[in-house]
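The structure under discussion appears below in the form of structure tokens.
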Amino acid sequence: MNTILRKSILGIAGLTVAGGLAAGPLNHDTSTPAARDAAVTTAPAAAKLDTATLIPHGVQGAQSRIDLNDEQTANVKAIIAATKKAGMDERAAVVSIATALQESKLENLGHLGDRNDHDSQGLFQQRPSSGWGTVEQITDPEYSTTAFLKGLKQVDGWQDMPLTKAAQTVQVSAYPDHYAQWEQQAADLVAQHWNS
């Protein structure tokens, strides 16, 4: 996890703890058990996302899946937050996450030396030399996602395209069909984290 992101997360966690302690005891509840049970049963459940919204064309081909560590999960959440901030929907988040799964396995990659594909870096393996931004920008998950989504918005009819075609139109990859293998995991991650 990069240093800036780690410091930001730790800073937010510290503010949350400090805010909670200043507000009073964490487990102070004066309601009766019956009132607590009623509150639990009447609280609105988070809206469940429809598979038809997340995968409108069905998955194409064999699907891949990887276990995510904390950094990768944080990057999923950053992609979802940037998608919401851009005013785009859950399907855009699925396309973005599947693309980042293919390009970097959701790891915010810096320059890989001899193993690098030209000057590709970050979650989406964007290239400074191709106009995606500076190295610092494209290794920032919010910036790189916003840049990807800006490209996606410029693709006429992306909402009606299979995921791999929409992703490929933005990314111009040497392996255009490889995005499809991540659609199910990307949809599952959006379903899990969109309302969290």
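The values are calculated or read from the model by the stated rules, or taken from the named source; none is laboratory data. Model, not experiment: these values are computed from the prediction. Cβ coordinates were reconstructed from backbone atoms using ideal geometry, including for glycine residues, and neighbour counts include every protein chain displayed. What goes into the accessible areas is simple: the full protein's heavy atoms, side chains included, and nothing from ligands, DNA or RNA. Shrake-Rupley method; radii C 1.70, N 1.55, O 1.52, S 1.80 Å.
Pairs, please: C-beta under 7 Å, at least 6 apart or cross-chain, first residue closer than 16 Å to residue 81 by Cα and in segment 170-196, second open to solvent by 60 Å² or more (accessible area, probe 1.4 Å) and not β-branched (Val, Ile, Thr)?
Between residues of segment 170-196 that are closer than 16 Å to residue 81 by Cα and residues that are open to solvent by 60 Å² or more (accessible area, probe 1.4 Å) and not β-branched (Val, Ile, Thr), the close pairs are 193/77; 195/46; 195/47.
How about segment 48-73: which of its residues are open to solvent by less than 30 Å² (accessible area, probe 1.4 Å), touching a Leu at 6+ places or on another chain (Cβ under 9 Å) and either at pLDDT 95 or above or under 27 Å from residue 109 (Cα atoms) (or both)?
72
Being surrounded by fewer than 19 Cβ atoms within 10 Å (Cβ to Cβ), at pLDDT below 95 and part of a helix (DSSP H, G or I) is the filter here, so list the residues in segment 77-121 that pass it.
Selection gives 113, 114, 115.
Pairs under 8 Å by beta carbon, first residue farther than 14 Å from residue 190 by Cα in segment 62-78, partner open to solvent by 40 Å² or more (accessible area, probe 1.4 Å) and among the acidic types (Asp, Glu), six or more apart or different chains?
71/107
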